[in-house]
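Input: a single structure, listed below in structure tokens.
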Amino acid sequence: MRLRTLSSSTLALALIVTGPAAASATGLGSADAPADSQAATTGELTLLATTDVHGNVLNWDYFANKPYPAGEELGMSRASTLINGVREDRSA
């Protein structure tokens, strides 16, 4: 297995691309905040990552030509269950 490292230009590009989205999601840089405010703005960002979709984006059994039965979901359907669970935990 080969260990791959990111170059500084790749890392900089990733930060440029994802930085505005992260700032928007956390409310940083909001137009509603006064420009001269000395109060610190904090936010929480939760990152979820998975590669466990087994080549399936949709919850569809291509051999049987129907959706997988309940409890045997694959792909993004399974990921959405995890995402919704984290959303419930974070909003509580």
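Just so it is clear, none of the values below were taken in a lab; they were calculated from the coordinates. If you're wondering where the values come from, they're calculated on a predicted model, not measured in any experiment. As a convention, Cβ positions derive from the backbone with ideal geometry for all residues, glycine included, and neighbour counts pool all protein chains shown.
Using a simple spin-label model with pseudo-atoms 7 Å out from Cα toward Cβ, Ala64 and Ser80 lie 1.9 nm apart. Summing charges over all other residues whose Cβ lies under 14 Å from the Cβ of Glu73, with Lys and Arg as +1 and Asp and Glu as -1, gives -1. Computed 3J(HN,Hα) for region 68-85, one whole-Hz value per residue from the Karplus formula 6.51 cos²θ - 1.76 cosθ + 1.60 where θ = phi - 60°, is 5, x, 4, x, 10, 4, 10, x, 5, 4, 5, 5, 5, 5, 5, 4, 5, x, glycine and proline marked x. Between the amide H of Asp61 and those of Lys66, Tyr68, distances stay under 5 Å, these residues lying 5 or more places away or on another chain, with hydrogens modeled in the peptide plane. Cβ-to-Cβ counts within 10 Å put Arg87, Arg78 in ascending order as Arg87, Arg78, the fewest first. Each of Glu73, Glu44 was scored by other Cβ atoms within 10 Å of its Cβ. Listed from fewest to most, they are Glu44, Glu73.
Cβ-to-Cβ counts within 10 Å put Asp89, Asp61 in ascending order as Asp89, Asp61, the fewest first.
Counting 0.36 nm for each residue step from Asp52 to Ala14 and taking away their Cα separation leaves a gain of 11.4 nm.
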